[in-house]
Every structure is written in C-alpha cells, then in structure tokens.
1. Using a Förster distance of 45 angstrom, determine the FRET efficiency expected from the C-beta separation of residue A:206 and residue A:145, and round it to 0.05.
2. With 10 angstrom as the radius, rank A:17, A:296 by how many other C-beta atoms surround their C-beta, starting from the fewest.
3. Which chain A residue hugs the A-B rotation axis most tightly by its Cβ, and what is that distance in angstrom, to the nearest whole number?
4. More than 19 angstrom separation, counting every C-alpha pair in segment A:24-89; what % is that?
5. Enter the angle in degrees (range 0 to 90, nearest 10) between the Cα long axis of helix B:125-138 and the first principal axis of the Cα atoms of chain B, meaning the one along which they spread out most.
6. Which order results if B:149, B:103, B:178, A:237 are arranged by neighbouring Cβ count within 10 Å, fewest first?
7. Cut-off is 10 Å between beta-carbons; in what order do B:172, A:203, A:196 appear when sorted fewest neighbours first?
8. Taking the alpha-carbon set of chain B, what are its Rg and Dmax in Å?
There are 2 protein chains.
Amino acid sequence: MSPAEDLLVSWSDTATRRRVVDFVASATRDGPGFVPPEERVAVFDNDGTLWCEKPMPIQLDFTLRRLAAMATDDPSLRDRQPWKASYERDVTWLGEAMVKHYRGDDSDLQLLMGASVQAFADLTVHAYAALVTDFFDHAHHPTLDRPYRSCAYQPMVELLRYLEANGFATYIASGGDRDFMRPVADELYGIPPERIIGSSLAIDYREDDDEGTDVLYKAEMEFFDDGPVKPVRIWSRLGRRPVVAMGNSNGDIPMLRFARHGDRPALRLLLLHDDPDREYDDTAGAEDALARAADRDWTVISMRDDWSRVFAD
Amino acid sequence: MSPAEDLLVSWSDTATRRRVVDFVASATRDGPGFVPPEERVAVFDNDGTLWCEKPMPIQLDFTLRRLAAMATDDPSLRDRQPWKASYERDVTWLGEAMVKHYRGDDSDLQLLMGASVQAFADLTVHAYAALVTDFFDHAHHPTLDRPYRSCAYQPMVELLRYLEANGFATYIASGGDRDFMRPVADELYGIPPERIIGSSLAIDYREDDDEGTDVLYKAEMEFFDDGPVKPVRIWSRLGRRPVVAMGNSNGDIPMLRFARHGDRPALRLLLLHDDPDREYDDTAGAEDALARAADRDWTVISMRDDWSRVFAD
C-alpha cells in the first residue's frame, strides 16, 4: 500500500496500476526514487486523457455550434468550410481535421482555427466563460448518451486525487483552449483555473474613463499548445520540469519526453483507447506515441483492461 | 486584531496599516466585504515594490555585467549603446532609461532590450538560472552597502505571509524578467517559481536523438509585462481577477485598476519612496500612479512613516 492508494477504486488490480502505485510510493519515501515535494509536478493532457475526445473534441462541438449560428445568420457562409460542415453538422469532416493534425497535416485545422478566432473575437473573457457554462448545462455527447459534463474519466479523477494526496501538484496541459476548460474543470476534475495550461486566444486589456476594466479576445491565436509547444508553456507557467506526465496522442510526445529530471525515475503515462463497449477503440493520431511508449518503456494504460469503470454514474 | 496581524512587526501603527488590516479582516469574515477563499488573489509588482530598484533595477545590473563582458571580448561593441554604458559602468544612462520608460519614452529601453535578448540567446533556462544564482551569491547594491539578496523589503515579506495566513494566494506580477526572479524569489520572499509572472524571453524546445530534452531562450522577447500587459498576463496565468494589488510606478496602474470584482471592496496599494535615510526619496516614473491614488483613494504606503524597518538585518 502507498498512502491514499484506496482512492483508486475504479482501477483494476493490474500490472499497470502497480507501476503507478510503485512510482508514487518510491517518490514519497527516502531512497533513490525520492522526489522533493516542491518538484512533485504532474501534468495531464485533457482531450482523450481526462475526458472523451471522440468522435470529436468537446470544444469542437462548442465551436461548430457557434459557427452554425453564424451561418444561420449569414447564408453566404454556408458554402465555405468550416461553416459548411458546422451548418450541416458534418461530424466526419470535423473529426478528420483533428486526426489529420495529429498526423502532421494542419490544413483543415487551420481553416477551423481561423474561423474560431473570428467567432469569439471581441468577447470579454467573462462573456466567453458564460457561453461555455451554458453549453455544458445543455449539450450531450453525440453517441455516449450522457451530458458532456459527465464525460470525464472517473479513474483519472481518482488518479488526480491520489497524486495530490501524495504531495503532487496537478496541472492540465492541453492543446485545447485554456479558457474553455477553466469554467468547468473545477467541477469535473477538481482543478482550479490557475492550474490549467492550454491553447489561448490573444487577449486585449481595455479600460473606460471611470473604474471599469476588462480583458477580451482578439481575433488571433496566442499559442497553440500542442506538440513541442507543450514543454515551453509548461516551463513558462511553472518554472519546473514535471516528473509525471500523461497523454494519449502524438501531440503529447514532447511533454512526456520533457517530464524527467536527469536520471531520476519519471512516470510517463499513455492512455490507450481500446474499449469499444464503454468508449471507443480508436488509436488514430496516437501511432507514434504508442511506438515510443513500447520503445522507451512508458506505461500504457488500457482503458479496457486497467479500468473497472470509465465514467461516474 | 485580524488573524495573524502580529506578523506585521516591521509596520508602524499608522492609518495605512489599519486600512490594510481592516480590509483583510473584512475579506475573511461574513459580511458585505467577504471574499470567497478561491478569489483571494493578491498580486505584487517586484522592482520598487518587493525589492529596491534605485539607482537601477537589480536585473539591469545583472544584464550590464553581461554586456560589459561582451564588450571586453569584442572592442567593437564599446562605442555602441548599451554596451558603451555597460562597459564604462555609466549608471546614469542606464537608470534614466527606466525613468524615460515610465514617462512613455521607450527609446533607450529598446536599445537595452535588444542587447539583452542577444546576451542570453541560446542559453538553456537552467544555465541562465545558474548565472542568476551566481550573481546573487556575489553582487552588492551600489549604494546601500548590502548584498542584493538582502535588498528585499522586510515589511513586504511580512505582508505576504500575513495575506497567506488569511487565505490569500500571493503572486509576483512584475515588469522584470520572470526567470531572473525565479531562482531567488523563494529564498527572498517565500514565493515559488509557479507563482511568478513577469516579462519573458521567447523559449524554444529541443530534443536530441535519445532521451534528452531542453528549453532554451530565443533572441527575442515574448512579453514585456508592464502597463496594460500586466492584467493580460495575470488573467492568462490565473483565470481570475485579483482583489489585492500593489505596485509603485506608472506601469502598475492597469494592474491596480484590474484588481476589483464589481462593487466588492478591493485593496490597491502603492509604495511611496520617501525615505532618503534608509532607502531613496524618488518618485520619478510614479507621478501618474500617485495622482490616481489620490483621486481614487488607493492606499499609499509611505516607506518613511509606515515602516519601522525597511530591510532585514
């Protein structure tokens, strides 16, 4: 037993679970694997790692609803991607855009991102947060028959609490939009806004003639926090290297590689989506990450075999 | 008495101190001034607020030593600013560059920053941290007869601890370089790297063919975190508005303005350098901030009258 191991109730008693628990036990007791408390930093990708990202990322559904509303108002947009796919709710085109990105082809993603930044330009951060909260109050996953706010993986919530109980500071480091996660991440994962790192729109500061001030989005990206950008944003925010990192796709490889201190043991985790009955069996965009995991002895978590439960009831 | 008020031992019993204590007491007890614990965010400028910035910011001394070393190696640099001032140790030219900046003229600061980014380009973040630590191990303040690492204001360290004891999360939000503060801020102020916001050089991520990864500086600025950029960087890092903010110069006005939630009370603090015997009597670059403080009833802290001690022994 390591401290608080009983929090991991949705994890089956497998070799994977034992690797995780052994790492934490070693990091928290005197010996060669000891990690000083201030260096116990754990970073987690979000889409496909903490919550479901198939058939498309949740944020993409949010964005396409906004784009569809724009095309409803302006028929001239209905012939142009990505408004066309949004208006027609062409989930295939949209889901493929992400898979192409993970495979190195950003052409469709660029179209989407260009439209996304226009869709939210000039909104204050608070108005955007209200849109996000409203979306999560109403929107459902297209195939899993559950609200999006119930799409967090329960074993991951337990892993976050388990690490925190052992002195780790937990952070989300996602390619998804930082301010899309912030309004709901505390409720879904117990992670407050200041521990969320992600992609971001550029932000402007405005003041009025009296006491009023606000921050609002510009029509441009600031960071697209994926691939090699993840270690850069993690350093910028924390000034530390993580010792635990978990992801599920090729875009997480640099973050997982970055998570080590010299020769000290590190825990690199990769979630394998191999569970067609309870979620998806789909490794598109994760091929390189899985190959490196096999080559470097990273820990692959099988959703099917290692988790006794996927979602909370 | 408010909780932990006895931590403020270097503060004189003045109306200023009572305003600070009354705000904290009100924020932490039921009533109209109550601030929920998760919203108790306090942000502090660094140069001239937490440590001495006259006759020039400490970071500027660090940088000019680096530039002087470059001019020692390369005589052709000795006729060009800012290498000329660095090589000749022309403190006046360098100090004036900052005052001109606070007054809206960035010409000399641009020269300095251009040279600074060249001076540290291609260093890894760890190599840079080692240079900073070495500087603080040896360098002394030019007039105060004390090492730079003893130039933190003792009453400010007490204020940080007092706020934390009352459930506030404390952050540095400085125009100075984030990674120049990180190696020493824990020792000087008890503020860890992840709670430091500041200016930054752009960062690159590199990996080798095996397991090695590193992050290192590019020859360009990422953010110059002063003036209207401060609220933007604070939001980006925290996803929250502060309710306590403190600074000492015109560049802090937007941050102080940003520190409020609707009509809820906020604490905006401005340090007045009016103490020629123990530090400096110099408000250059703070004129607009002091005018706004008078106009809006922000709390001005007089170093001379409100602090019984300035530096720890």
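Each value in this text was obtained by applying a stated rule to the coordinates, not by laboratory testing. Quick caveat, the model's predicted, so the values are computed rather than measured. No Cβ is skipped: glycine too gets one built from the backbone with ideal geometry, and neighbour counts run over all protein chains shown.
1. Working: r = 43 Å, r/R0 = 0.96.
The calculated FRET efficiency here is 0.55.
2. Values: A:17 19, A:296 12.
The most exposed by this proxy come first: A:296, A:17.
3. Result for the A and B rotation: A:237, 3.
4. Numbers: 1235 of 2145 pairs.
Result: 58 percent of Cα pairs exceed 19 Å.
5. Tilt relative to chain B: about 80 degrees.
6. Numbers: B:149 19, B:103 13, B:178 25, A:237 22.
Result, fewest neighbours first: B:103, B:149, A:237, B:178.
7. On the way: B:172 22, A:203 19, A:196 25.
Fewest-to-most Cβ neighbours within 10 Å comes out as A:203, B:172, A:196.
8. 19.8, 66
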